[in-house]
Every structure is written in C-alpha cells, then in structure tokens.
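Okay, so here's the structure we're looking at.
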Amino acid sequence: MKKIGMILMILLLCTAFSGCSEIGKLVRDVNNPDNPLSGKNTDERIIMCLEEEYPEHDFVIVESYNKENDSGKFQDENGIEFTVHGLVYDNTYHFGCRNDYLKVLLESQDYLKEVSDIAEEYGFSVDYSEETIGIEGNENEDNSDSIDRIFEMVQKILNSVDTPQIMYPKEAGSFSTGKINYYSIPCWGQLTCLYHIQGHAAVMTFRFGDENINEETIRKNITDALKQVESNIENDKSDE
C-alpha cells in the first residue's frame, strides 16, 4: 500500500509540475503576479473593475460585498454611494458584475424626466427597468426624415445630462478558460431605441460616456439599422 501511495504521489507531482497539467496551470495562474485578479478578494476586484471603468474616479468600500444578498456598497471620492451587484464570475480567470454608479449620477440630474420629455417631443415613449432604459416609437407619415429625426432626439438625450468618462468592456459576458477577463457594467449605461416600420423594428443602441461616441457614429448606427429594416421589408415582399 505504501508503495502504491508513493507512486501515486510521484505521478501527481510530475503531473503538477510538467507544464501540461491543467491543475498545474491553475496553481501557477492563481499566484501569477501578471494576473490582475491574483491575490485580490471580491471587494478588491470590484474596486479594480470600477476604477478601470471610470478612470476619472477613485472608489472605496462602504459595505463589503455579500454573496447571499448579491450586493455590496461602495462610494467615490466625493462620497457618492452606490451598490454593486449581479456578480457573474469570481474565480482565477473571470470576474464580472454590475454597478449603479452611473445610475445614481443620472438620477441626481432627474434623467428620467429629461429623457421622457425629449422622447415625447419626438413621438416616442420611454420604458425602463433597474438596469436598462429604452425609447420606442413608430414610423411617421413621411418616413423621409426618420434618420434626422431620430438623430436629433438621441443627440438631445445623450447631452441632457453630465456623465463621467466610461470605459466599456470589450468582451463583457464572454469567458473562456485560461483567458483572463474582468469588468463591471453600468446600469442605465445604454440607451436602446426601437423604431417600428411596417411590422419590423429597427434596434439601435447608444452608450453614455463612451469615448468613441460622436455625431458620425450615432448617425451611422441609425442609418445601418433603418437600412436593415428596409432590407427585411423587401425580403418579405419577395417571399409573398
């Protein structure tokens, strides 16, 4: 028995340090100083994600993240408190969560009233939840000005409030073993616009505080969505 145990131990050690073992790789990655998740607890990981997402701000813990409640409380350097929740993963390679920091800032500026007033001006309605905000409207009688009308409305909404710089994750929700990926997503960070045309819906999304957003990007987003709907309508006609 001792001999068998010794053989098994030798095999285990050889496997762990051979460089081919998944266990060995995991052990190395847990303690790898090049892994930004290494050596950090959940609260430290949250702060790391927040400060990468909002590079103009610093954050501290108010109430440590509680896994049972899926909630932790944090604050910025100005004492503005908000919650972090929606934890996706918290392991060697992956970490993901949602935060209410942007939402708190928008609420302080009466954003829902602002967006509702602007949307109503252009014949759109507003729908929102704890995490998302959307506007929805129908094709006008003369569809020729749709692009300009939606563009003008979206521009007003995005500029109706002050927002911090936000670095959105490139691969949110995309995880693969061995590839390190960590992020936090802001609630109310995205404005979704639905525009109904002849039984089809053009779907457009725009993000607050995105450094890549500009007039050209907004107009292209709208144009591409409407062209796709027009193509779908034409395909429906050809199938009849």
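Can you tell me which residue in region 201-218 is nearest to Q155 (Cα to Cα), limited to those that are surrounded by 17 or more Cβ atoms within 10 Å (Cβ to Cβ) and modelled with pLDDT of 90 or more?
I218
Tell me the residue from N91, N78 that is of a type outside the set (V, I, T) and modelled with pLDDT under 95, please.
On inspection, the qualifying residue turns out to be N91.
Which count do you get for residues in region 56-96 that are in contact (Cβ under 8 Å) with a residue 40 or more places away in the chain, surrounded by 14 or more Cβ atoms within 10 Å (Cβ to Cβ) and acidic (D, E)?
Looking only at that region, the number is 1.
Open to solvent by less than 60 Å² (accessible area, probe 1.4 Å), over 14 Å from N138 (Cα atoms) and over 19 Å from the mean Cα position of the chain (by Cα): which single residue out of N232, N221 fits that description?
Matching residue, one of N232, N221: N232.
Just checking, how many residues over region 195-218 are among the charged types (D, E, K, R), free of Cβ contacts under 8 Å to residues at least 60 places away in the same chain and more than 21 Å from D127 (Cα to Cα)?
Number satisfying all stated conditions: 3.
Got a number for residues in region 23-55 being farther than 18 Å from R98 by Cα and either modelled with pLDDT of 95 or more or of a type in the set (A, V, I, L, M, F, W, C) (or both)?
Here the count works out to 4.
Can you tell me which of (1) in a helix (DSSP H, G or I); (2) closer than 25 Å to N221 by Cα is the one V161 doesn't meet?
Unmet condition: (1).
Of the residues E139, E107, only one is surrounded by fewer than 17 Cβ atoms within 10 Å (Cβ to Cβ) and under 21 Å from G209 (Cα atoms); which?
Step by step, each of E139, E107 is checked, and only E107 is surrounded by fewer than 17 Cβ atoms within 10 Å (Cβ to Cβ) and under 21 Å from G209 (Cα atoms).
Go through D224, D145 for me and flag whichever is acidic (D, E) and at pLDDT below 90.
D145
Residue check: is Y101 touching a Leu at 6+ places or on another chain (Cβ under 8 Å) and without any contact (Cβ under 8 Å) to a residue 24 or more places away in the chain?
So Y101 fails the test.
The values are calculated or read from the model by the stated rules, or taken from the named source; none is laboratory data. In this text the structure is predicted, and so the values were computed from the model without any measurement. Please note: Cβ atoms are built from the backbone with ideal geometry, for glycine as well, and neighbour counts cover all protein chains shown. Surface accessibility is based on the protein's heavy atoms, side chains included, excluding ligands, DNA and RNA. Shrake-Rupley method; radii C 1.70, N 1.55, O 1.52, S 1.80 Å.
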